[in-house]
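So the structure is just underneath, and the comments pick up after that.
The values are calculated or read from the model by the stated rules, or taken from the named source; none is laboratory data. Everything numeric in this text was worked out from a predicted model, so none of it was measured. Cβ: placed from backbone, ideal geometry, glycine included. Neighbour counts: every protein chain shown.
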Amino acid sequence: MVRMLPVLGAAVLLASSAMGREETMKTGSREEGAREVAWFAGGCFWGVEYHFDQVPGVVAAVSGYMGGHKDHPTYEEVCSHGTGHIETVQVTFDPRRVSYEELARLFFEIHDPTQVDRQGPDIGEQYRSVVFYGNEAQRQVAERLIRTLVARGLPVATRVQPATTFWPAEEYHQDYYARRGTTPYCHARVRRFDP
């Protein structure tokens, strides 16, 4: 069964019969009515998705892949380092209830933005820290927050890159911790900004 993702703007939704999943292709604006979309990569997508799912105003957090060169990548292909993709979470949110800046601050507090191509015990280029921006305002917020952290002495390794095609991960990766009734082992919030 293919479930509809709340993807905004001019996006294309394709059903993959082989995988039973959908792929969302980025092709433009991220605004439609009261919803916007953001993309964050900070280690294993299970923990990142879990934390964003807890935020009031987040409509959906979906684990997937972004930043690579292969269409319809599988988890095994991404882990083999042959596609260039990064484990990424697509966050659809209501900006009337939560701002992009609040989400970006959370991102920088739920993972270690100083680590390069890893997060805790997870090592590899698919675990690098990246903010994928969908518009100029998102880019400016991400870069300003990085400057704030650097000014506080953190050697931030997080990259800020334009969003490309987002490919949702296989169904068994979605809501991983919620379905198991557990919490992330390598993503814990550490306050890095003023309250």
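For region 87-94, check the following and say yes or no: at least one residue is on the phi < 0 side of the Ramachandran plot and modelled with pLDDT under 95. The answer is yes; a qualifying residue exists. Looking only at residues in region 114-128 that are buried (at least 21 other Cβ atoms within 10 Å of the Cβ) and touching a helix residue (DSSP H, G or I) at 6+ places or on another chain (Cβ under 8 Å), the one that is modelled with the highest pLDDT is 126.
The set of residues from region 96-116 being part of a loop (DSSP other than H, G, I, E, B), under 16 Å from the mean Cα position of the chain (by Cα) and within 20 Å of residue 153 (Cα to Cα) comprises 111, 112, 113.
Please go through region 69-95 and give me each residue that is part of a loop (DSSP other than H, G, I, E, B) and touching a helix residue (DSSP H, G or I) at 6+ places or on another chain (Cβ under 7 Å), ordered by number.
Within region 69-95, the subset part of a loop (DSSP other than H, G, I, E, B) is 69-74, 80-85, 94-95.
Scanning region 69-95 gives 70, 81, 83, 85.
Determine whether residue 131 is in a loop (DSSP other than H, G, I, E, B) and at pLDDT 95 or above. Against the criterion (in a loop (DSSP other than H, G, I, E, B) and at pLDDT 95 or above), residue 131 does not qualify.
Between 160, 190, which is modelled with pLDDT of 95 or more and not in a helix (DSSP H, G or I)?
Working: 190 fails: modelled with pLDDT of 95 or more.
Within the list 160, 190, the selection yields 160.
Within region 41-53, is there a residue that is surrounded by 19 or more Cβ atoms within 10 Å (Cβ to Cβ), over 12 Å from the mean Cα position of the chain (by Cα) and not small (Gly, Ala, Ser)? No, the conditions are met nowhere in region 41-53. Inclusion of residue 130 among residues that are within 17 Å of residue 157 (Cβ to Cβ) and of a type in the set (Val, Ile, Thr) is warranted. Residues that are within 15 Å of the chain's Cα centre (by Cα), assigned to a loop (DSSP other than H, G, I, E, B) and either farther than 23 Å from residue 73 by Cβ or at pLDDT below 75 (or both) within region 164-186 comprise just one, 175.
Looking for whichever is touching a Cys at 6+ places or on another chain (Cβ under 8 Å) and hydroxyl-bearing (Ser, Thr, Tyr) here; the options are 127, 75, 100. Which one fits?
Values: 75 fails: touching a Cys at 6+ places or on another chain (Cβ under 8 Å); 100 fails: touching a Cys at 6+ places or on another chain (Cβ under 8 Å).
Criteria check complete, one pass: 127.
Inspection of region 44-67 finds no residue satisfying the criterion of being part of a loop (DSSP other than H, G, I, E, B), closer than 16 Å to residue 165 by Cβ and modelled with pLDDT under 95. In region 68-102, the qualifying residues are those that are under 18 Å from residue 164 (Cα atoms) and among the hydrophobic types (A, V, I, L, M, F, W, C), and the one that is surrounded by the fewest Cβ atoms within 10 Å (Cβ to Cβ) is 78.
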